[in-house]
Amino acid sequence: MQKRLSAIEIIGVSKQFGDFTALHQVDFRILQNEFFTLLGPSGCGKTTLLRMIAGFESPSRGTILLNGKDISDSPAHKRRVNTVFQNYALFPHMTLSQNIAFGLENLGWERGKIRARVGEMLEMVHMSQFAARKPDQLSGGQRQRIALARALAPGPEVLLLDEPLSALDLKLRQSMRDELRRLQRETGITFVFVTHDQEEALDMSDRIAVMGNGHVQQIGAPDEIYEAPQNRFVADFIGETNFLDGEVVSVEGGHATIRTALGIDITAAQSGVQGPGPAVLSIRPEKIGLDARAEGETRSGRIVSRNYMGGFTHYTVEAGGVSLRVSQRNAQSRQGRLDVGDEVRLGFAAENARVLGQ
Amino acid sequence: MSKGFRIWGLVPAWALMLLTLILPIFIVAGVSVGERGAYGGFEWSFDLTAYRQILFTLGWTDELEFDPKYLIIIARTLGYAAGATAISLLLALPVAYWISLQSARDKALLIYLVTLPFWVSMIVRVYAWLIILGNDGMAETVYRFFGGSDVPGFLFTPGAMLVGMVYSYIPLMILPVYAAVEKLDPALIEASHDLYGSRWTALRRVIIPLASPGLVGGSILVFVPCLGTVLEPMLLGGGRQLMMGTLIQNQFGGARDWPFGAAIAMVLLVLVVLVLILNARRATRQLEVQA
Ligand SMILES: Nc1ncnc2c1ncn2[C@@H]1O[C@H](COP(=O)(O)OP(=O)(O)OP(=O)(O)O)[C@@H](O)[C@H]1O
Ligand SMILES: [Mg+2]
């Protein structure tokens, strides 16, 4: 990645609600022009973090920098940051034009400039013909577009989006993903996007921060997060995986050799392993091959369940007393079809597995 | 609901309305066109003297002279009622908004506290202000404490009357205003801050427009009883400035001019109905705009 300036720096930020700590010492930076996603299960503190960037909530400890300036103490209406609220929060008593003009008026723009900008924004979200409507005369998807137009109109330094797609139906959600990506590229504004939908995050983001239990668990590009999870939480939360308990027998740099119930010593990339001792091996279902597709050192197992999914077939295979989920792309012919009870060879390339500390 | 119930089931309600509202209005209207009895009371007839009396007095030679004295009383009543309504509105909005931000349990408690004065008789409450504002009362003590040497005398002033009226009726303002602000989505206020609006902008452009049904409702609930209020002008205003309520009371009491008292009461009624009609027109217009 080329060297870019950070739009937002979160430095040692904690947030306490009474006795409850919603965020523990969070540290990271969001780069300029980046589509950055905060991903994590419900209650992990995503909204809290976003609200602190917007200025609706102040950190209990730590600082937040916006383009290098400390904004920890500046009120929400002085921050050059705009928000797309989860339920849009459009002003029901104003027309769509008035909604979009609201921020510009508060910034003291002159009338002509405001009118031009409102027109431009309506056009950008393909809503020009609805300018004079009130928000309650719109569908969910249309409201979403107006909320985006309203937040983008003042040209904020950062745009915050809190689960903006969660209120839409499945089909609309898919097309809005592309729309959001397009808007981000066109405007060049840094987007900070909150979701608990991993597919959404993997599809849209330049980088993802996976959050769990009030901590940032890992930050990286979507493929990094998926292929090289740094801990058990991330491996478990993103996609599906098999965890095999085992004992680390040796550690060498970034790699560890682990002995699991499969009875094979596997040397794979590791993180969080200090030295010999208990650890887990994580291997994704689609990285395991059966019979002809088995790579590396193989061993035998027996198929105990089979679910045909069209493009893929999901199997549960029992081997050495552990059951593994295995997912295979279906071949073009129905040759080599496996059934419940069949004996198979299974194996995987060590570079696709991860050894993770406890 | 069956048709039978809709007709017969409502009979008690209609009977009650008839007996306690419609009939009395007709009686008062009847009295207002009656003739003044020789020793108080009145006699039925159709005579508009009482209404003429509002605008004109009879001169020495029986000619009619325009006399604005009662018009001034009506205008003064309207003025005080409007003043008390405006002050109530200004005080109630922040109070109601603040209550709406509290936890559910505190909200219930605070709303209960707002209505608490209603559990005490009106006369007692107004007397309480008499003591607070009176000679060597709390108000004077506080004034002296902060270095005021010659006490201006708070009682029997327009200010004292307004204080009493606002105090008596402000719960009727707080409740509907609270009901309106309580329904506001907090995200809308955050959105207005997010879009560079100060607190003042949020109040002016988001909170007030969206809470306006409650603001108007509360204003009517305060304005209407203020028009007819009797106790505050008499006890706190010292009866120095005559208001419509006191005037009506005097006519039925000391002055023994029932028809004139009834005529003033009818004027008051017309004023109230006017306010309600104006509000109904505004409300339907708003509905039409929304539709
Ligand atoms: N005002 C508050 N008072 C007390 N606790 C709060 C408050 N706001 C949030 N919390 C707690 O902080 C934690 C994080 O909340 P937050 O809303 O940030 O979660 P989230 O990651 O956005 O979850 P979701 O995906 O469900 O929206 C939760 O456990 C929540 O109960
Ligand atoms: Mg949330």
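The values are calculated or read from the model by the stated rules, or taken from the named source; none is laboratory data. Worth saying up front: this structure is predicted, and the values here are computed from it rather than measured. Cβ sites come from the backbone with ideal geometry, for glycine too, and all protein chains shown count toward neighbours.
Summary table
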item: Flag if B:Gly214 is out of contact with any Leu (no Cβ under 8 Å at 6 or more places or on another chain) and at positive phi; result: no
item: Test: residue in the range B:55-62 that is under 22 Å from the mean Cα position of the chain (by Cα) and part of a helix (DSSP H, G or I); result: no
item: Check on B:Ala179, modelled with pLDDT of 90 or more, closer than 24 Å to B:Leu89 by Cβ, surrounded by fewer than 20 Cβ atoms within 10 Å (Cβ to Cβ) and not hydroxyl-bearing (Ser, Thr, Tyr); result: yes
item: Residues located in the range B:182-206, provided they are facing another protein chain (nearest Cβ under 7 Å) and acidic (Asp, Glu); result: B:Asp185, B:Glu190, B:Asp194
item: Tabulated pairs, the range A:44-64, first within 16 Å of A:Leu161 (Cα to Cα) and away from ligand 1 (no atom under 13 Å from the Cβ), second of a type in the set (Val, Ile, Thr) and not in a helix (DSSP H, G or I), C-beta under 8 angstrom, 6+ apart or interchain; result: A:Gly55/A:Ile71; A:Gly55/A:Val81
item: Residue satisfying all of: in the range A:231-274; surrounded by fewer than 16 Cβ atoms within 10 Å (Cβ to Cβ) and either on the phi > 0 side of the Ramachandran plot or of a type in the set (Ser, Thr, Tyr) (or both); nearest to the chain's Cα centre (by Cα) among these; result: A:Gly272
item: Checklist (1) buried (at least 17 other Cβ atoms within 10 Å of the Cβ); (2) of a type outside the set (Asp, Glu); (3) within 14 Å of chain B (Cβ to nearest Cβ); (4) away from ligand 2 (no atom under 16 Å from the Cβ) applied to A:Ile8, failing item; result: (3)
item: The range A:4-41, residues that are hydroxyl-bearing (Ser, Thr, Tyr) and away from ligand 1 (no atom under 16 Å from the Cβ); result: A:Ser6
item: Residue within the range B:263-282 that is more than 13 Å from the chain's Cα centre (by Cα), hydrophobic (A, V, I, L, M, F, W, C) and not in a helix (DSSP H, G or I) present; result: no
item: Any hit, the range A:13-28, residues being charged (D, E, K, R) and in a strand (DSSP E or B); result: yes
item: Selected residue (criterion: farthest from ligand 1 (Cβ to nearest atom)) from residues of the range A:185-196 that are part of a helix (DSSP H, G or I) and touching a residue at least 12 places away in the same chain (Cβ under 8 Å); result: A:Glu186
item: The range A:15-65: number of residues that are within 14 Å of chain B (Cβ to nearest Cβ) and away from ligand 2 (no atom under 16 Å from the Cβ); result: 3
item: Residues of the range A:72-102 satisfying the condition of being more than 10 Å from every other protein chain (Cβ to nearest Cβ) and surrounded by fewer than 23 Cβ atoms within 10 Å (Cβ to Cβ); result: A:Ser72, A:Asp73, A:Ser74, A:Thr95, A:Ser97
item: Residues (in a loop (DSSP other than H, G, I, E, B) and of a type outside the set (Ser, Thr, Tyr)) located in the range A:278-320; result: A:Arg284, A:Ile288, A:Ala294, A:Glu295, A:Gly296, A:Glu297, A:Met309, A:Gly310, A:Gly311, A:Gly320
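Table: residues versus (1) touching a Gly at 6+ places or on another chain (Cβ under 9 Å); (2) surrounded by fewer than 19 Cβ atoms within 10 Å (Cβ to Cβ); (3) within 14 Å of chain B (Cβ to nearest Cβ).
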{"site": "A:Lys113", "(1), (2), (3)": "no, yes, no"}
{"site": "A:Glu123", "(1), (2), (3)": "no, yes, no"}
{"site": "A:Ala147", "(1), (2), (3)": "no, no, yes"}
{"site": "A:Gly155", "(1), (2), (3)": "no, yes, yes"}
{"site": "A:Leu159", "(1), (2), (3)": "no, no, yes"}
{"site": "A:Glu163", "(1), (2), (3)": "no, no, yes"}
{"site": "A:Asp178", "(1), (2), (3)": "no, yes, no"}
